[in-house]
Amino acid sequence: MAAFKKILIANRGEIALRIIRACREMGIPTVAIYSQADKNALHVRFADEAVCVGPAQATASYLHIPNVLTAAEVTEADAIHPGYGFLAENAQFASAVVAMNKVFIGPSVEHLKMFGDKLTAKEAARKAGLPLLSGSVGAIQDVESAVSNAKEAGYPVMLKAAAGGGGKGMRIIEDEETLRKVFDIAQTESQAAFGSKEVFLERYLRTPRHIEVQVAGDGRGGGIHIGTRDCSLQRRHQKIIEESPAPNLSDSLRQRIQDAAAQLVRTVHYQTVATVEFLVEGEEFFFLEVNPRIQVEHPVTEEVTGVDLIQEQIRLAAGEDLSIRQDQVSPRGHAIEVRVNAEDPWTFLPSPGRITGYHEPGGPGVRVDSAIHEHAMVQPYYDSLTAKLIVHGRDREHALIRMIGAIDEFIVEGIKTTLPLQKALLQTDEFRDVTFYTRFVDDWLTTRARQE
């Protein structure tokens, strides 16, 4: 029996298509929502039903909660899958879905609130015994407290907005003088951007790697880890290349990181899938945050474990047990993903427009999760992610060879994409030797610009 009678997908683009495919395999009809700008989009074409929820602007369509809920009501969908971005981590939306006696395919409202605030997330991690960066225990109310905490943690420190996310609301502070200058400004910016002036402070690591663990929980105290990913290659705190398993970790460190992530899931009785993120430097690791949703980079985990994370997410939301045991999770080979963003590869300026030529790479071990095609219009109103290129190989070197070949075969004409940047990064000694870190791309681009 199917987990649900009908699922409305409160998203667009490649993730909407990915959810449609998962539902089709499970025998569940789907409803797509779309803005007027997306009336010819592929997710509209391939869903069983489709409902227009407003004009092009996201705030008037995909983010307009009353319109999305009305679409679910009129189509008699009994569950809503939010994908990622848009409403995926919106506790108000999840609460409204539950109030309509429909299922939000994601975590509980309680967990959305817990992990949507970095301070409550850190407290949950502390209670579960996860290692934390030294710094303030809670929100810092005034500059003198900030100075005191910074002295104890040791400079440099990171000043963060408690309600921030996606790399926003963060400042690196090298000394007390700078901290005194920017503290009030940081509170004001946090209030303006996130509706909360709460900020906190923690030790800043100069060259960490960003390692994350895919997890899943049944909501009853059961939870497993489903392997590691390395997401250190970022520009402006936004991931652009991901791989699984995370390379160059000792067996002991990998096991400790995975066990810590699973312990957090079990401790809070988390239900459905999530990602627990860590900063790693040497043999030390520190809790960073939890993303209580499916991640953009979930395909690399699927490729090495064989676990369909979207289907697992749907089953868990329906109250079913985990479909796999911890001892059944056994990564095979290596997978790499690059995000194909419609941006200038060197300036990162958006590059919307009509695609005049398009060819996807293929062959063994090559997967493309895409929402574009020849003659498709890349809209200027939404996130620049248009497709994801994923490869799987018998080991990391094999996967890298496949990825570079696949990039060479990937044709997208009419707009600019980030593929030339990603190919250049994959060919660096730092990538091959796994000596990169979270600020590597920004530093590499700065050095490149000086040399030109």
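In summary, residue 388 fulfils each of the numbered conditions (1) in contact with a helix residue (DSSP H, G or I) (Cβ under 6 Å, 6 or more places away or on another chain); (2) of a type in the set (D, E, K, R); (3) open to solvent by less than 50 Å² (accessible area, probe 1.4 Å) with the single exception of condition (1).
In the set 89, 123, which member is among the charged types (D, E, K, R), part of a helix (DSSP H, G or I), closer than 30 Å to residue 286 by Cα and open to solvent by 10 Å² or more (accessible area, probe 1.4 Å)?
Values: 89 fails: part of a helix (DSSP H, G or I).
The conditions single out 123.
Look at region 335-364 and say how many of its residues are in contact with a Pro (Cβ under 7 Å, 6 or more places away or on another chain) and in a strand (DSSP E or B). Break it down into steps so the answer makes sense when it comes.
Residues of region 335-364 that are in contact with a Pro (Cβ under 7 Å, 6 or more places away or on another chain), as a first pass: 337, 342-343, 345, 350, 352.
Checking which are in a strand (DSSP E or B) leaves us with 337, 343, 350.
Matching residues across region 335-364 total 3.
If I go through region 301-333 residue by residue, how many of them are in contact with a Pro (Cβ under 7 Å, 6 or more places away or on another chain) and either farther than 27 Å from residue 395 by Cα or open to solvent by 10 Å² or more (accessible area, probe 1.4 Å) (or both)? Residues flagged as in contact with a Pro (Cβ under 7 Å, 6 or more places away or on another chain) and either farther than 27 Å from residue 395 by Cα or open to solvent by 10 Å² or more (accessible area, probe 1.4 Å) (or both) within region 301-333 amount to 2. Selection of region 260-301 for residues being part of a strand (DSSP E or B) and more than 13 Å from the chain's Cα centre (by Cα) yields 271, 272, 278, 279, 280, 281, 284, 285, 286, 287, 288. Which one is nearest to residue 243 (Cα to Cα) among residues in region 398-442 that are touching a residue at least 24 places away in the same chain (Cβ under 8 Å) and small (Gly, Ala, Ser)? Residue satisfying both the conditions and the ranking: 399. Would you confirm whether or not region 341-356 contains a residue that is within 23 Å of the chain's Cα centre (by Cα), open to solvent by 40 Å² or more (accessible area, probe 1.4 Å) and either aliphatic (A, V, I, L, M) or farther than 30 Å from residue 236 by Cα (or both)? Scanning region 341-356, I find at least one residue that is within 23 Å of the chain's Cα centre (by Cα), open to solvent by 40 Å² or more (accessible area, probe 1.4 Å) and either aliphatic (A, V, I, L, M) or farther than 30 Å from residue 236 by Cα (or both), so the answer is yes.
Consider region 420-432. How many of its residues are of a type in the set (S, T, N, Q) and in a helix (DSSP H, G or I)?
Initially, region 420-432 is screened for residues of a type in the set (S, T, N, Q), giving 422, 427-428.
Narrowing further to those that are in a helix (DSSP H, G or I): 422.
Total satisfying the criteria: 1.
Just checking, which of 435, 417 is open to solvent by 10 Å² or more (accessible area, probe 1.4 Å), among the polar types (S, T, N, Q) and either farther than 26 Å from residue 84 by Cβ or in a strand (DSSP E or B) (or both)?
Numbers: 417 fails: either farther than 26 Å from residue 84 by Cβ or in a strand (DSSP E or B) (or both).
435 is the lone residue from the list that is open to solvent by 10 Å² or more (accessible area, probe 1.4 Å), among the polar types (S, T, N, Q) and either farther than 26 Å from residue 84 by Cβ or in a strand (DSSP E or B) (or both).
Here residue 405 meets the list (1) open to solvent by 60 Å² or more (accessible area, probe 1.4 Å); (2) out of contact with any strand residue (DSSP E or B) (no Cβ under 6 Å at 6 or more places or on another chain); (3) of a type outside the set (Val, Ile, Thr); (4) closer than 22 Å to residue 363 by Cβ almost entirely, failing just condition (1).
The values are calculated or read from the model by the stated rules, or taken from the named source; none is laboratory data. This one's a predicted model, so the numbers in the text were calculated from it and none came from an experiment. Backbone-built Cβ (ideal geometry, glycine too); neighbour counts: all protein chains shown. Only protein heavy atoms, including side chains, enter the accessible area calculation; ligands, DNA and RNA are left aside. Shrake-Rupley method; radii C 1.70, N 1.55, O 1.52, S 1.80 Å.
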